[in-house]
2 protein chains.
Amino acid sequence: MEEAVKTLADIGEFGFIEFLRSKFNVNLDPSVVLGIGDDVAVIDVGGSEYLLATCDSQIGDVHFPVGLIPPYDLGCRIVEVNASDVAAMGGTPRWALLGLNLPSQTSITFLEEFYTGVGDSLARMGAWLVGGNCARTKQELVIDLFLMGTVPKNQLVRRKGASAGDVVLVTGTLGKSRAGLEVVLGNMGTAFTENVSVVERAKQSFFHPRARITEGRKLAQSGFVTAMIDISDGLLQDLGHLASENQLDVVVDIARIPVDPLCEEIAKQVGADPLVWALIGGEDYELLFSVPGDRVPELMAWLGHEATMSSSRTISPCSESDVLTTPITPIGFFREGSGRVFLKGLNGEIIPSEAFIGASGWDHFRGGNS
Amino acid sequence: MEEAVKTLADIGEFGFIEFLRSKFNVNLDPSVVLGIGDDVAVIDVGGSEYLLATCDSQIGDVHFPVGLIPPYDLGCRIVEVNASDVAAMGGTPRWALLGLNLPSQTSITFLEEFYTGVGDSLARMGAWLVGGNCARTKQELVIDLFLMGTVPKNQLVRRKGASAGDVVLVTGTLGKSRAGLEVVLGNMGTAFTENVSVVERAKQSFFHPRARITEGRKLAQSGFVTAMIDISDGLLQDLGHLASENQLDVVVDIARIPVDPLCEEIAKQVGADPLVWALIGGEDYELLFSVPGDRVPELMAWLGHEATMSSSRTISPCSESDVLTTPITPIGFFREGSGRVFLKGLNGEIIPSEAFIGASGWDHFRGGNS
């Protein structure tokens with residue numbers, strides 16, 4: 001009997017990343033401060049700042065539904081998802097190159113609107129499109145953005161650096177992108193579409209996330225943050241990345257998860273559990289970070305927040321313009337362990353996250369996220 | 001009557017690049033020395049060197065035939081075509097990120113061999129893979145490489161900078177990649193496949209080009225080079241880019257074109273004109289550059305060459321390991337004009353290149369190159 005050929009689908013995205021780390025993160029040049037495996041690569045080009053470099057793609061009908069997302073928002077989206085990775089290191093996006101691979105029958109109108117979105121999102125963060133490439137595919141739309149940024153050397157924040165006892169916090173609210181996707185895919189039924197405001201806000205959450213750049217900079221400048229990641233794969237999965245990178249366990253209090261009101265409302269409409277969307281929905285592009293337990297009040301003061309440990313699950317939607325109004329919510333803590341994620345339920349019971357919820361996020365090669 | 005929707009195919013790759021230049025090359029940040037439009041972006045990050053950044057893609061069944069190219073060579077190819085752009089600015093490739101977009105049924109064996117090629121090509125030029133992204137497509141294989149490099153600020157060479165009277169020179173030989181493609185596509189018939197050595201060398205010319213990094217550095221260090229580009233689209237088309245960027249005409253002496261012996265041999269077999277392949281074949285990744293007419297002997301001496309102006313069309317194949325043995329051939333000169341390319345025929349007549357040859361190279365959206 002012949003053995004089946006092993007494919008990407010068998011080892012999954014994270015098995016694949018491990019393969020790359022073991023192949024390429026050996027005997028690295030001294031200029032490479034951080035290679036494959038964190039949110040972005042960190043390069044020492046001399047001077048007082050590190051160069052950050054990352055790339056992330058958006059693929060038609062994989063990451064977004066072709067024909068349903070406005071080209072302008074697609075342009076914003078590819079910039080924001082990359083900028084979110086730079087924000088997670090405490091950095092500022094500076095220069096971008098765009099690799100645009102698409103069929104030659106793509107309309108010029110689509111391109112004009114798409115690039116206006118790219119330009120507007122870069123402009124809002126003080127970054128510039130400096131180059132790129134365009135090439136013809138047979139059918140598919142594959143957009144790769146390559147984003148470079150900078151961070152003062154003494155303010156770089158990595159995924160690794162947390163200690164047992166550190167409190168885990170999250171910016172903003174969760175579940176809104178998944179709620180938006182449900183609306184975009186038309187899973188709401190006809191009745192709901194009358195509530196135009198909710199529909200539009202939900203769609204925008206999915207189409208046009210906003211990277212937490214100001215927040216990331218402010219957190220890095222505080223000096224209190226021990227580890228950070230952005231939430232792209234979903235809260236539980238990204239918590240898992242932090243836990244395994246730090247060789248610690250993490251315990252998250254379900255009662256403290258800041259579920260977005262849009263998520264609550266739309267989940268109710270489709271008979272889903274909003275908490276599940278908040279835990280595994282992904283693509284919220286909030287920042288997830290840790291701070292020594294005794295420094296949380298100082299951090300909150302630095303950010304201009306009241307150091308309250310609210311137990312309310314629902315939080316007001318955040319303003320994008322002012323870091324001081326962005327909710328910052330402590331949701332759990334690190335403890336000695338081996339990289340696992342635990343959930344503390346409403347009755348105080350602590351269970352492994354796998355037991356609470358079957359799938360735990362987005363894997364690019366195993367497909368889907370629920 | 002409704003007007004037809006204008007598409008990428010209508011404006012072509014170069015019309016599209018013009019659109020991007022006019023949209024994004026305005027009020028650029030002082031850190032952006034060179035934005036969209038040259039081979040690579042040039043960024044001032046402080047210190048004595050510029051940061052160079054470029055991206056280029058390889059798309060299955062567009063840039064290479066899926067299933068016919070060994071994965072190892074594909075890995076080398078994506079690195080070399082990007083490195084060639086860095087070489088054309090006089091730079092050294094340093095750090096790369098790879099955006100790999102492919103179907104989830106891709107075999108692990110393919111990936112291992114592909115990444116070994118990527119690693120080997122980067123290693124030969126002293127560069128490092130520091131990050132990237134992998135994502136699932138529905139069917140297509142779309143590989144984007146992002147390559148960063150450095151160049152001493154006083155050695156940067158651009159497309160622009162030539163003057164009337166400057167001599168135009170080219171490294172190595174031309175037409176070999178197009179000859180290789182003919183072999184790979186099986187256009188040789190069965191008789192020819194018995195000449196294994198020629199077949200293999202031709203295939204390798206197409207599968208696994210080698211960026212002229214040492215040559216590019218040496219040329220930049222000489223201080224004689226006024227403008228440079230790499231030959232990816234084809235000699236005539238890349239001459240056209242140089243001519244239009246410098247607002248000069250260029251006259252090329254057909255008798256001096258260094259046609260590769262492989263190209264001669266394979267063209268003969270298929271009844272094609274080897275000169276046409278050398279002029280418009282593309283993907284040879286040689287360097288095309290200009291030098292003030294009175295400095296050519298000094299340049300040749302600096303490179304360790306005899307300053308001969310041979311009129312032989314056929315030149316020995318070049319060694320890849322030693323810049324001193326790489327042929328450097330003067331093929332023409334710039335003169336006052338408006339960006340056109342002229343050919344000087346064997347009887348001394350000078351005709352516009354469009355009159356000599358119908359199509360003039362590769363356009364990613366108008367398709368094909370013959």
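The values are calculated or read from the model by the stated rules, or taken from the named source; none is laboratory data. In this text the structure is predicted, and so the values were computed from the model without any measurement. Positions of Cβ are generated from backbone atoms using ideal geometry, with glycine treated the same way; all protein chains shown enter the neighbour counts.
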Among residues of the range B:123-140, those that are modelled with pLDDT of 95 or more and touching a Pro at 6+ places or on another chain (Cβ under 9 Å), counted: 3
Residues of the range B:82-115 satisfying the condition of being over 25 Å from B:I43 (Cα atoms) and part of a helix (DSSP H, G or I): B:I108, B:T109, B:F110, B:L111, B:E112, B:E113, B:F114, B:Y115
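Working only within the range A:151-165, note down all residues that are closer than 16 Å to A:V252 by Cα and within 21 Å of the chain's Cα centre (by Cα).
A:A162
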Test for B:V250: is it part of a helix (DSSP H, G or I) and either in the same structural domain as B:S177 (by TED's automatic domain parsing) or crowded, with 24+ Cβ neighbours inside 10 Å (or both): no
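Given the criterion closer than 23 Å to A:V45 by Cα and surrounded by 21 or more Cβ atoms within 10 Å (Cβ to Cβ), identify the matching residue among B:G75, B:G149, B:G126, B:G60. Don't jump to the end; show me each part of the working.
Details: B:G75 fails: closer than 23 Å to A:V45 by Cα; B:G126 fails: surrounded by 21 or more Cβ atoms within 10 Å (Cβ to Cβ); B:G60 fails: closer than 23 Å to A:V45 by Cα.
Answer to the selection: B:G149.
Could you go through the range B:4-11 and let me know if any residue there is at the interface with chain A (Cβ under 7 Å from one of its Cβ atoms), buried (at least 19 other Cβ atoms within 10 Å of the Cβ) and within 23 Å of B:A127 (Cβ to Cβ).
As a first pass, look at the range B:4-11 and keep what is at the interface with chain A (Cβ under 7 Å from one of its Cβ atoms): B:5-9, B:11.
Pick out the ones that are also buried (at least 19 other Cβ atoms within 10 Å of the Cβ) and you get B:8.
From what's left, within 23 Å of B:A127 (Cβ to Cβ): none.
Within the range B:4-11, none of the residues are at the interface with chain A (Cβ under 7 Å from one of its Cβ atoms), buried (at least 19 other Cβ atoms within 10 Å of the Cβ) and within 23 Å of B:A127 (Cβ to Cβ).
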Check on B:L141, facing chain A (nearest Cβ under 10 Å), more than 17 Å from the chain's Cα centre (by Cα) and farther than 16 Å from B:L51 by Cβ: yes
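Just to be sure, is A:L102 in contact with a strand residue (DSSP E or B) (Cβ under 6 Å, 6 or more places away or on another chain) and within 8 Å of another protein chain (Cβ to nearest Cβ)? Spell out how you get there, then give the answer.
Details: in contact with a strand residue (DSSP E or B) (Cβ under 6 Å, 6 or more places away or on another chain): no; within 8 Å of another protein chain (Cβ to nearest Cβ): yes.
Answer is no for this residue.
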Residue pairs meeting the criteria (Cβ under 8 Å; at least 6 apart or on separate chains; first at the interface with chain B (Cβ under 7 Å from one of its Cβ atoms) and more than 14 Å from A:L147 (Cβ to Cβ), in the range A:45-69; second surrounded by 13 or more Cβ atoms within 10 Å (Cβ to Cβ) and of a type in the set (S, T, N, Q)): A:V45/A:S31; A:V45/B:T150; A:I59/B:N101; A:I59/B:T137; A:V62/B:T137
Matching entry among A:M228, A:M148 (being outside any helix (DSSP H, G or I), assigned by TED's automatic domain parsing to the domain that holds A:D273, at pLDDT 95 or above and in contact with a strand residue (DSSP E or B) (Cβ under 7 Å, 6 or more places away or on another chain)): A:M228
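Report, by residue number, each residue of the range B:9-36 that is touching a helix residue (DSSP H, G or I) at 6+ places or on another chain (Cβ under 8 Å) and among the β-branched types (V, I, T). Outline the logic, then answer.
Looking only at the range B:9-36, we keep the residues that are touching a helix residue (DSSP H, G or I) at 6+ places or on another chain (Cβ under 8 Å), and these are B:10-11, B:16, B:19-20, B:23-24, B:35-36.
Those that are touching a helix residue (DSSP H, G or I) at 6+ places or on another chain (Cβ under 8 Å) and among the β-branched types (V, I, T): B:I11, B:I36.
Which is in a helix (DSSP H, G or I) and either acidic (D, E) or touching an Asp or Glu at 6+ places or on another chain (Cβ under 9 Å) (or both), of A:V33, A:V79, A:V45?
Details: A:V33 fails: in a helix (DSSP H, G or I); A:V45 fails: in a helix (DSSP H, G or I).
Matching residue, one of A:V33, A:V79, A:V45: A:V79.
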Matching residues in the range B:258-279 - criterion: being under 17 Å from the mean Cα position of the chain (by Cα) and either closer than 17 Å to B:D166 by Cα or among the small types (G, A, S) (or both): B:A278
Failed item in (1) assigned to a helix (DSSP H, G or I); (2) among the small types (G, A, S); (3) touching a residue at least 60 places away in the same chain (Cβ under 8 Å); (4) surrounded by fewer than 24 Cβ atoms within 10 Å (Cβ to Cβ), with A:S197 passing the rest: (3)
Count - residues of the range B:8-29 that are touching a residue at least 40 places away in the same chain (Cβ under 8 Å) and touching a strand residue (DSSP E or B) at 6+ places or on another chain (Cβ under 8 Å): 3
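Given the condition within 17 Å of the chain's Cα centre (by Cα) and either within 25 Å of B:V341 (Cα to Cα) or surrounded by fewer than 21 Cβ atoms within 10 Å (Cβ to Cβ) (or both), answer yes or no: does some residue in the range B:183-193 qualify? Step through it out loud before you land on a result.
Within the range B:183-193, the first condition is being within 17 Å of the chain's Cα centre (by Cα), and the residues that meet it are none.
No, the range B:183-193 has no match at all.
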Any hit, the range A:93-105, residues being under 24 Å from the mean Cα position of the chain (by Cα) and of a type in the set (F, W, Y): yes
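Can you find a residue in the range B:73-81 that is of a type in the set (G, A, S), over 23 Å from B:E140 (Cα atoms) and either within 11 Å of chain A (Cβ to nearest Cβ) or in contact (Cβ under 8 Å) with a residue 24 or more places away in the chain (or both)? Break it down stepwise before answering.
At the first step, the residues of the range B:73-81 found to be of a type in the set (G, A, S) are B:75.
Pick out the ones that are also over 23 Å from B:E140 (Cα atoms) and you get none.
Within the range B:73-81, none of the residues are of a type in the set (G, A, S), over 23 Å from B:E140 (Cα atoms) and either within 11 Å of chain A (Cβ to nearest Cβ) or in contact (Cβ under 8 Å) with a residue 24 or more places away in the chain (or both).
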Criterion (free of Cβ contacts under 8 Å to residues at least 60 places away in the same chain, β-branched (V, I, T) and in a helix (DSSP H, G or I)) met by exactly one of B:V130, B:V183, B:V118: B:V118
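From the list A:T171, A:T214, which one is surrounded by fewer than 19 Cβ atoms within 10 Å (Cβ to Cβ), of a type in the set (S, T, N, Q), in contact (Cβ under 8 Å) with a residue 60 or more places away in the chain and away from chain B (no Cβ under 14 Å)? Before the answer, list the steps.
Values: A:T171 fails: surrounded by fewer than 19 Cβ atoms within 10 Å (Cβ to Cβ).
After ruling out the rest, the residue left standing is A:T214.
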Failed criterion for A:K160 (all others in (1) at pLDDT 95 or above; (2) assigned by TED's automatic domain parsing to the domain that holds A:K344 hold): (2)
Where a residue in the range B:30-41 is more than 8 Å from every other protein chain (Cβ to nearest Cβ) and more than 9 Å from A:V130 (Cα to Cα) and its partner, wherever it lies, is assigned to a strand (DSSP E or B) and not polar (S, T, N, Q), with Cβ under 7 Å and at least six apart: B:V33/B:V42; B:V33/B:I43; B:V33/B:Y50; B:D39/B:I229; B:D39/B:D230
Of all residues making up the range B:88-112, the number that are surrounded by fewer than 24 Cβ atoms within 10 Å (Cβ to Cβ) and at pLDDT below 95: 11
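If you go through the range B:285-293 one residue at a time, do you hit one that is in contact (Cβ under 8 Å) with a residue 40 or more places away in the chain, surrounded by fewer than 19 Cβ atoms within 10 Å (Cβ to Cβ), assigned by TED's automatic domain parsing to the domain that holds B:L181 and in a helix (DSSP H, G or I)? Give the steps one after another, and end with the answer.
The first filter runs over the range B:285-293 and keeps only residues in contact (Cβ under 8 Å) with a residue 40 or more places away in the chain, leaving B:285-293.
Then drop every residue that is not surrounded by fewer than 19 Cβ atoms within 10 Å (Cβ to Cβ), which leaves B:292-293.
If we keep only those that are assigned by TED's automatic domain parsing to the domain that holds B:L181 too, we end up with B:292-293.
Pick out the ones that are also in a helix (DSSP H, G or I) and you get B:293.
Yes, because at least one residue in the range B:285-293 is in contact (Cβ under 8 Å) with a residue 40 or more places away in the chain, surrounded by fewer than 19 Cβ atoms within 10 Å (Cβ to Cβ), assigned by TED's automatic domain parsing to the domain that holds B:L181 and in a helix (DSSP H, G or I).
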